[in-house]
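Values quoted throughout were computed directly from the atomic coordinates according to the rules given, and no laboratory measurement underlies them. Bear in mind the structure is a predicted one, so any value in this text is a computation, not a measurement. FYI the Cβ positions are ideal-geometry reconstructions off the backbone, even for glycines, and counts take in every protein chain you see.
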């Protein structure tokens, strides 16, 4: 489409559908409490959050993510009805991992506020592996073996046929926080980037929520339901699990093209309690935990220096 036509459609969309460009972004990291914070902020009367939670529009370098929203007009449609809200946001966790997202977001929304959520690296990798088993992106059930497969998967081998995001299986590369955060510091300035941790949320979720509202220059809103979202899940029926996981990323994308996202989300919320149950993962073995602590220690030290905060407890088994 010619640029003039695209601009005309954009202006029309903003006026007719009440669309306001997002002015804050939760950019990651995966499995660090972003889903819970998305729903907490969504309850605030002055905040509009996109539906779906993760449009994944600005990570253009992640070309193999089959669920990424590529079209700008489709992306903006996720914010219909947002024009009267003070803050409009979304929460695409792979923006932190992407090498281009910080620059793309800055170009799109120069005054945006950036929220980054972190977690102990071994615990985050372990949780991501579990989620991918649940969603069908991963087939290797043994977490340690999945870590060993990273170099081969980087070269395109041992990637599950139905994987909708092969890059996400590179567990040991996903959580290189220091370089990732620095990209956002460079683009937005430290004063416009807030870093919080899952540790802090577990200790005092209301305090973290208030800190984020203060960062967004909003007043506190009570009556927030601080329930935990996106807990470790599994399908109650093996038959249902196999049926859903056989849906390739292409099939899921085709469904999304035919059915509005809001409709898909509402349908899933209605059936999820009947087909999914939460469960507690067994803790990492002492040997594997020690091995991962040694491997991630340099990154933890770099992160501590960058943020002038002590994350050494991540190396003591706490997460």
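Do we have any residue at all in the range 42-64 that's in a helix (DSSP H, G or I) and under 13 Å from the mean Cα position of the chain (by Cα)? No, that holds for no residue. All of (1) over 30 Å from residue 210 (Cα atoms); (2) in contact with a helix residue (DSSP H, G or I) (Cβ under 9 Å, 6 or more places away or on another chain); (3) surrounded by fewer than 23 Cβ atoms within 10 Å (Cβ to Cβ) hold for residue 161 with one exception: (2).
Within the range 27-57, being under 16 Å from residue 85 (Cβ atoms), in contact with a helix residue (DSSP H, G or I) (Cβ under 6 Å, 6 or more places away or on another chain) and crowded, with 23+ Cβ neighbours inside 10 Å holds for 40, 49.
Yes/no per residue for (1) under 30 Å from residue 48 (Cβ atoms); (2) touching a residue at least 60 places away in the same chain (Cβ under 8 Å); (3) surrounded by fewer than 16 Cβ atoms within 10 Å (Cβ to Cβ):
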| position | (1), (2), (3) |
| --- | --- |
| 140 | no, no, no |
| 212 | yes, yes, no |
| 218 | yes, yes, no |
| 222 | yes, no, yes |
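Among the residues of the range 52-79, the ones that are in contact (Cβ under 8 Å) with a residue 24 or more places away in the chain and more than 27 Å from residue 170 (Cα to Cα) come to 6 in all. When the range 80-110 is filtered for residues that are in a loop (DSSP other than H, G, I, E, B), touching a residue at least 40 places away in the same chain (Cβ under 8 Å) and over 18 Å from the mean Cα position of the chain (by Cα), the ones remaining, listed by number, are 80, 81, 82, 83, 84, 85, 86, 109. Quick one: count up the residues across the range 280-304 that are in contact (Cβ under 8 Å) with a residue 12 or more places away in the chain and under 20 Å from residue 173 (Cα atoms). Residues flagged as in contact (Cβ under 8 Å) with a residue 12 or more places away in the chain and under 20 Å from residue 173 (Cα atoms) within the range 280-304 amount to 12.
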